[in-house]
Amino acid sequence: MDLVADTAHVVVRQSASVLQVAAGELAKQANTVADLAQAKDAVTWFAGEGDNASDFREEDRPIPLTAMPISALQPWGSDWRCCEPKYAQDVCSSEANIQRLPYPHDAEINRKLFLWQGDICAVEVDVLLVPVAGGFAAGASTIFPRVLQFGGSDLKADLRHLDSCRSGDVRFTKAYGLPCNQLVITVGPKFKEQYRVAAQNTLNACCRECMQGLVEAELRTVAIPCIWYQEGYPMEEHAHVVLRTIRRCLEKLRPNIDSVVLVAASPAELVLYETLMPSYFPRSLDEAVVSAADLPESAWTEWGEVFLEERRIRLSSCLISRDDNEDSDGEDITPMFSPSDDADKSFLSAKDDVDAAARKRLEGTIMEAETPEMAKHACLRYLRRAREVRAEPVTNHFVFSAAQDHFGRKVVVLLGARLPPLGVRDERTLPLFVKELELLRSEQFVLLYINSDVSAFDTSKLEFFQEMLAVINMKYRNSLAQVLVLHPGLGFRAAFAFGSAVSNMAASIWNDTVYLERLAQLASFLSIAELQLPAYVQAFESFS
């Protein structure tokens, strides 16, 4: 009987616990239903935003901010001083060369730009750019939750009456409780690697629409957060897009915009922008020249957008219109567009063979370039790949920096026999050479080309040598002090002599070239022991 009583007692106790839990859950569900019944916007409530506008109390509003006027900030580059190096003056002394830079030095534009670390909500400007998620939700926005705290029920009420905003669009609304006059709400992109170009162009559209809307509303100052979202978009790529778009907008809308304030929320954001801004807002001619080599191809587009040639529509400039009832064997063709038309016909400028053009852009060499622009893009491609390519093992390397010569200049050794068989067609060859020159950091250097054991009929070596000289002529001409060629051979001499006769570039380096038939002659320029040359060089001289 005791056992039965104990068992019954346990069952009753467990049943009571279960009933108590069930009652609690029913109470929670009842409260949820009551909240939903009282909510003014059921969709917003289900999304997790709640109906906070009706519950907002003025005592919940943050303490008013101390406004930060633009006059208290320093324009970009105002505290920076630098003397122009001679080589920058030589390279860009002409107006034509300056115009070929993607972002030339422009002191007037720099005076319109400000970089500041602090609370973006405190900046006293006409417009504050506020990135949001779809449906005017906070999402991962870095500043929208704080803006909502100051705006309170007034701002939320305005947002409910705004037209929907798609990615890349903007909407203007009043700024409640903030020093700025208006807010420009924009929905940025959702970044995915496979849609990288689309994300870049969406972010570009957000910035561009903001600046154009600013001008249309006859407002003149704007504050923009350095980083828009806490997660998703890579910070550095985000900064590149924002900076190049702002630069293009300031160039095109210069008379109508007084100030753009970029606000960093943390020291990391400040350092990132301080590092990248010289590329798009150079503070000197020297910075403009140096930065041009590191910029992507999108730096050259009209508004900073990423442009894909293969997506352009190719149409003939001579569109034909005939009467269906008219029979005519003649070819009376009348162009739809006259050369004097003012209409925008930029879509007619698409290349005839997109694949061939893309191949030239991705694989073409400087020597094959048909225009100076194509040569420049080839050189920039080498510089970009130089930062990514890994150095060759010591046993296989064909280019390396050795000791200094007798005049204290760096020596760059190039082993012709170890060059990859494909020469310039090997995507590693030129970038590895450029990588070695970049490590010199513009120091004076002597180029020692060792032609030992290279066949006179191996044209790939001569092609590489020509392309190498073209790169030096475009980027490192002022750093090259002298060219030494060891064991040149009759074939090399003849090819180089012919090249100097037909090429101004080769002729400019011809006078600095010294041919050395023996290692003993090389000893008068530098210490051979410090070069650590491979054994085949000594062996070649012994058998030659």
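Dipole magnitude for region 378-543: computed about the Cα centre from +1 point charges on Lys and Arg Cβ and -1 point charges on Asp and Glu Cβ, it is near 500 debye. By the Cα gyration tensor, region 204-257 has an equivalent ellipsoid whose semi-axes, rounded to whole angstrom, run 22, 11, 8 from largest to smallest. One chain, two ends: residue 254 and residue 133. Fully extended at 0.36 nm per residue, the span grows by 40.5 nm beyond their Cα-Cα distance. Once the C-beta distance of residue 535 and residue 268 is scaled by a Förster radius of 56 Å, the resulting FRET efficiency is 0.65 to the nearest 0.05. A simple rule links phi to the HN-Hα coupling: the Karplus curve 6.51 cos²θ - 1.76 cosθ + 1.60 with θ = phi - 60°, which for region 121-132 gives 5, 8, 6, 8, 9, 6, 9, 10, 7, 10, x, 9 Hz, with x for Gly and Pro. Think of region 378-543 as a dipole: +1 on every Lys or Arg Cβ, -1 on every Asp or Glu Cβ, centred on the Cα centre; then among 456, 529, 446, 446 lies furthest on the positive end.
Gain on full extension, evaluated as 0.36 nm per residue between residue 390 and residue 426 minus their Cα-Cα distance, stands at 11.6 nm. Computed over Cα pairs, the Kirkwood radius of region 378-543 leads via Stokes-Einstein (1.306 mPa s, 10 °C) to a diffusion coefficient of 99 µm² per second.
Applying the criteria of a DSSP loop state and at most 13 other Cβ atoms within 10 Å to the chymotrypsin sites (Phe, Trp or Tyr not before Pro) of region 357-443 yields 407.
Estimated from the Cβ-Cβ distance and a Förster radius of 45 angstrom, the FRET efficiency linking residue 459 and residue 80 is about 0.40.
Most simply put, region 370-469 has about 45% antiparallel DSSP beta bridges, counting only bridges with both residues inside it. For each pair in 252/376; 190/252; 410/435, compute the distance between the two Cα atoms and list the pairs where it is over 18 Å. Table pairs above 18 Å Cα-Cα are 252/376; 190/252. Loop-located trypsin sites (Lys or Arg not before Pro) in region 115-201 (DSSP state not H, G, I, E or B) with no more than 14 neighbouring Cβ atoms inside 10 Å: 166, 192.
No value in this document is a laboratory result; all are computed from the given coordinates. Please read all numbers here as calculations on a predicted model, not as lab measurements. Cβ coordinates were reconstructed from backbone atoms using ideal geometry, including for glycine residues, and neighbour counts include every protein chain displayed.
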